[in-house]
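Notes to accompany the following structure.
The values are calculated or read from the model by the stated rules, or taken from the named source; none is laboratory data. These numbers come from a predicted model, not from an experiment. Note that we place each Cβ from the backbone using ideal geometry, even for glycine, and neighbour counts take in every protein chain shown. When the accessible area is computed, the model is the full protein with side chains, heavy atoms only, and any ligands, DNA or RNA have been set aside. Shrake-Rupley method; radii C 1.70, N 1.55, O 1.52, S 1.80 Å.
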Amino acid sequence: GFPPILDDDSRAAVGERMSKLADADAVIFDLRNNGGGSSETVALFLSYVFDKPTHINSMYSRDTGKTEESWTLSDVKGKRFGGQKPVFVVTSNRTFSGGEEFTYDLQTQRRATIVGETTRGGAHPVEGHDLEGGFGVRVPSGRPINPVTKKDWEGTGVVPDVAVAADAALDKAHELAVAELAKRSQPHNSPK
C-alpha cells in the first residue's frame, strides 16, 4: 500500500529505499496486491521516476466544489531513479485505489509500461455515513481528474499495456525490461 507519510523521518525512509534503485538500469513496481493509500504518498514515490515536477492528478471535492492539483515533488530525499530509464508496473485485478492511481498516472504520462491484469476500478474517495438500525452507507466525496485524459479509472480499472495473468505478470515485465535494455544498448546504425 501507500500509507500516509506523516513526517520527515517517513520521507527519509522512502528516500533511502528509492535511492537504492537510483542506479538500476530499469525498475519494476509490483502492485498486484496493493490495496491503495494516500495520494500524497503516491506523488512522493512518483517523484523519484520523473526528472522535473509533473502534474500527475487533480482531485475534485464535492463538499467544497474545488479542485486541487497533485504534482510530483521538486525536492526529495536521496537520489532519483530519473525520468529516462525504463519503468514497468505489474498489476492484478486486486490492485486498487492508490495502487491504481500510481499505475494510471505513470501510464497516462507515458512513463511506464503496465503489465498484468485490469485493476479493480476504485478511483473515487468515499466517506462513511451512519444510518438508522445499525446500517451505514459509503458515498463518493470527490473524484480524481487526470491532466492528460480528463478522466479517471472508476468502474473501469486501469487497462494494462500488456495483458497477462497476474501470476505471470512479473516474469513478463522482467522479460520486457531485459528486451528494452538490450535494444537500448545496441549502437544506432547510421544511414548510408
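Before moving on, here are some points about what is shown:
- Answer residue from the stretch 60-91, given it is surrounded by fewer than 17 Cβ atoms within 10 Å (Cβ to Cβ) and among the polar types (S, T, N, Q) and is nearest to Asp23 (Cα to Cα) among those: Gln84
- Some residue of the stretch 140-159 being among the basic types (Lys, Arg), at pLDDT below 95 and either closer than 30 Å to Ala182 by Cβ or not in a strand (DSSP E or B) (or both): no
- Unique residue being open to solvent by less than 50 Å² (accessible area, probe 1.4 Å), under 28 Å from Asp171 (Cβ atoms) and under 11 Å from the mean Cα position of the chain (by Cα) when the list is Val49, Val27: Val49
- Positions within the stretch 1-31 being closer than 13 Å to Gly78 by Cα and not hydrophobic (A, V, I, L, M, F, W, C), in sequence order: Asp8, Asp9, Ser10, Arg11, Gly15, Glu16, Arg17, Ser19, Lys20, Asp23
- So Thr156, is it hydroxyl-bearing (Ser, Thr, Tyr) and closer than 21 Å to Tyr60 by Cα: yes
- Set Arg110, Arg120: member being within 23 Å of Val164 (Cα to Cα), out of contact with any helix residue (DSSP H, G or I) (no Cβ under 9 Å at 6 or more places or on another chain), without any contact (Cβ under 8 Å) to a residue 40 or more places away in the chain and of a type outside the set (A, V, I, L, M): Arg110
- If you go through the stretch 5-16 and keep only what is closer than 22 Å to Glu100 by Cα and loosely packed, with under 12 Cβ neighbours inside 10 Å, you end up with just Leu6.
- Exactly one residue out of Gly116, Gly36 is over 20 Å from Leu176 (Cα atoms), touching a strand residue (DSSP E or B) at 6+ places or on another chain (Cβ under 8 Å) and of a type in the set (Gly, Ala, Ser), and it is Gly36.
- Scanning the stretch 32-46 for residues that are open to solvent by 40 Å² or more (accessible area, probe 1.4 Å) and more than 10 Å from the chain's Cα centre (by Cα) gives Arg32, Asn33, Gly35, Gly37, Glu40.
- Single condition Val159 does not satisfy, out of (1) open to solvent by 40 Å² or more (accessible area, probe 1.4 Å); (2) farther than 25 Å from Thr72 by Cβ; (3) touching a Ser or Thr at 6+ places or on another chain (Cβ under 9 Å): (2)
- Within the stretch 127-156, restricting attention to residues that are touching a Lys or Arg at 6+ places or on another chain (Cβ under 8 Å) and farther than 23 Å from Thr108 by Cα, the residue that is least open to solvent (accessible area, probe 1.4 Å) is Ser141.
- Residue in the stretch 109-126 that is at pLDDT below 95, open to solvent by 10 Å² or more (accessible area, probe 1.4 Å) and part of a strand (DSSP E or B) present: yes
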